[in-house]
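The next block holds one structure in the form of structure tokens; read it before the comments.
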Amino acid sequence: MSRSALVGNVTAMLEDAGFTVSDRCAIRPKSFDVAARRGRDLLLLKVLANVDAFDDATGLEMRRLGEYLDATPLVVGLRTRDEELEPGVVYFRHGVPVFSPDTAMELFVEGMSPLVYAAPGGLYVNIDGDVLRDEREKRDWSLGQLANELGVSRRTVSKYEDGMNASVEVALELEDMFEDDLTSPVEVLDGAEEVREGDPTPEDPDPEDDDERIVTVLTRAGFEVHPTVRAPFKTVSEDDDNEKSVLTGHSAFTKTAEKRARIMSSIGEVAHTRSVYFVDEAKRESVDGTGLVERAELENIDDPDELRDLIRERGEEPA
């Protein structure tokens, strides 16, 4: 299956599951393919046939964007170089959850969260330590007795009860022993923080030389500005006054710029952000809701509130 067809299939599945899905980011650079929202859940999805193509730089960018936009970065893929992705298993690449289309179908359409995740050494599950302790104490078993049954140390059993995760084999043995469900799902829509590597959000990249002026002006207007590297927009700017965040781009107003502005509009509609594109010259005020602001206008604005008002006004769809 081609990657384009795979993106189309995943998009259709999300729409069937009740998500609003953005236009595909069919322009480079792009760290993600589509944004999708259902209620409060916002996803940034990368779709790949071979997930080995998902590199560290893209993973860092998606994690940063997830933090800026209050979104969950995810990768949906078919295989690695060596094997197919197993259904019902969450993998991780560069801190981003990865799973197969079958797992996505179970999660988003059927509402069944995966129970198993892959980590160095094999497949693991989250053990509900409180349930395990209750079941052990119902039988009046000591930690040592349960350890002997499992063939592990008393210290290991104590760690299971304190929340340490277990291999699939151990989990199955425990559930068979106690005839009860002891596992809890991997909370993918929360970034699977309970099992992923707890790395802090990567620091913002430095702005490129031609971005510095835009970053300076937006910062002066009261925005907290986050430069991007591979997104279809140059920055995500968070408003200190708790208004909508703003996606920004800038270049000469070419066909490519117009296409990028349309993508920004579509993403903004899903992500609940505004978008503005700074250009050398424009004969209109917006592209599908992305406001167009000429650089000369920008240079002539001294009042931060005036710039914020201009971004707000230009980003409004005509009646």
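Among beta bridges from DSSP that stay inside the chain, the antiparallel ones total about 60%. Here the range 101-224 is treated with +1 on each Lys and Arg Cβ and -1 on each Asp and Glu Cβ, and its dipole about the Cα centre works out to around 660 debye.
Report the Rg/Rh value for the range 34-184, based on alpha-carbon coordinates and the Kirkwood definition of Rh.
Details: Rg = 18.2 Å, Rh = 17.2 Å.
Dividing the radius of gyration by the Kirkwood radius yields 1.06.
Computed over the range 123-177, relative contact order equals 52 percent, with contacts defined as Cα pairs under 8 Å that lie 6+ residues apart. Straight-line reach from Lys283: taking Cα to Cα under 25 Å and skipping same-chain neighbours fewer than 8 places apart, the lysines in range are Lys234, Lys255, Lys259. When the chain is described by a simple charge dipole with +1 on each Lys and Arg Cβ and -1 on each Asp and Glu Cβ, the residue from Leu6, Gly163, Ala118 located farthest towards its positive end is Leu6.
Rounded to the nearest 20, the size of the Cβ-charge dipole of the chain about its Cα centre is 1040 debye, with Lys and Arg at +1 and Asp and Glu at -1. The region of the chain that goes longest without hitting one of the GluC sites (Glu not before Pro) in a DSSP loop, each with at most 11 other Cβ atoms within 10 Å, is 1-82.
At the listed q of 0.09, 0.11 Å⁻¹, the Debye profile of the range 7-116, built from one uniform point per Cα, gives log10 I(q)/I(0) equal to -0.20, -0.30.
Candidates Gly289, Asn300, Phe253 compared by Cα position along the dipole of the chain: farthest toward the positive end lies Phe253, with charges placed on Cβ. In the chain, helical runs assigned H by DSSP with n ≥ 4 each contribute -39500 (n - 2.57); averaged across all residues and rounded to the nearest 500, the mean residue ellipticity at 222 nm is -10000 deg cm²/dmol. With all protein chains in place and a 1.4 Å probe, the accessible surface of the range 1-160 carries 44 percent carbon and sulfur. In angstrom, the C-alpha Rg and Dmax of the range 142-183 are 9.4, 23. Extent along the principal axes, Cα only, for the chain: 77, 42, 36 Å, with the longest axis given first.
Considering only protein heavy atoms, what per residue accessible area in square angstrom results for the range 242-281 with a 1.4 angstrom probe?
Values: 1700 Å² over 40 residues.
Here the per-residue accessible area is 42 Å².
Counted over the range 95-154 with a bin width of 10 Å, the fraction of Cα pairs per bin, in whole percents, is 17, 33, 25, 22, 2.
Based on every Cα atom in the range 126-197, Rg and the maximum pairwise Cα distance Dmax equal 12.3, 38 Å. Phi angles across the range 163-173 convert, under the Karplus curve 6.51 cos²θ - 1.76 cosθ + 1.60 with θ = phi - 60°, into 3J(HN,Hα) values of x, 5, 6, 10, 5, 4, 4, 5, 4, 5, 5 Hz, Gly and Pro given as x. With the Kirkwood sum run over all distinct C-alpha pairs, the range 207-274 has a hydrodynamic radius of 12.3 Å. Seen from every direction in turn and averaged, the convex hull around the alpha carbons of the range 118-268 projects onto 13.9 nm².
The values are calculated or read from the model by the stated rules, or taken from the named source; none is laboratory data. Everything quoted here is computed from the prediction, not taken from an experiment. For neighbour counting, all protein chains shown are included, and Cβ atoms are generated from backbone atoms with ideal geometry for every residue, glycine included. To get the accessible areas, we keep the full protein, side chains included, count just its heavy atoms, and leave off ligands, DNA and RNA. Shrake-Rupley method; radii C 1.70, N 1.55, O 1.52, S 1.80 Å.
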